[in-house]
1. Relative contact order of the chain, please, whole-number percent, based on alpha carbon pairs below 8 angstrom and at least 6 residues apart.
2. Rounding to the nearest 10 and keeping the result within 0 to 90°, find how far the Cα-based axis of helix 58-74 lies from the longest principal axis of the chain.
3. Per the Cauchy relation, a quarter of the hull surface: what is the mean projected area of the convex hull of the alpha carbons in segment 29-114, in nm²?
Amino acid sequence: MSETLFDKILKREVPAKVAYEDEAVLAFHDIAPQAPIHILVIPKKKWARFADFRAADPEAIGHYMISIAKAAEHVGLEAGGYRVVFNNGKDAQQTVDYIHAHILGGRGLRWPPG
Ligand code: AMP
């Protein structure tokens with residue numbers, strides 16, 4: 001797997017505003033926020049996209065999901081709610097080949113998305 005921007009953020013080679021970190025994930029603020037709170041949550045164990053989950057340890061995937069919930073709570077979104085988005089592949093406009101959950105919140109969000 002080729003190195004991406006998010007590999008470099010995880011290694012602290014590229015600066016990012018860290019919002020939450022635990023043994024499973026690093027969460028940082030999106031550089032171009034689409035909501036008052038917009039963070040990206042990447043697993044420390046790298047997968048590029050959803051298809052990689054087929055060969056992954058289900059427990060590791062579970063830890064990733066739990067840590068997404070912890071990150072959302074940590075930034076104060078538990079009470080009001082939030083949206084979790086994974087852009088997966090070209091048609092969904094995934095621009096970084098390192099799986100990342102967008103957590104968006106802090107205002108009422110419209111539905112459906114574009
Ligand atoms: P996606 O389009 O789903 O691949 O999302 C990539 C996200 O990374 C976009 O929302 C970008 O705004 C965000 N992004 C790009 N560069 C950086 C950076 N250096 N620090 C934080 N977020 C970034």
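Derivation of every value follows stated rules applied to the coordinates shown; laboratory data play no part. Computed from a prediction, not measured in an experiment: that's the story for all the values here.
1. Numbers: 160 pairs, mean separation 35.4, N = 114.
Relative CO of the chain lands at 31 percent.
2. 30
3. Numbers: hull surface 24.0 nm².
Averaged projected hull area, Cα only: 6.0 nm².
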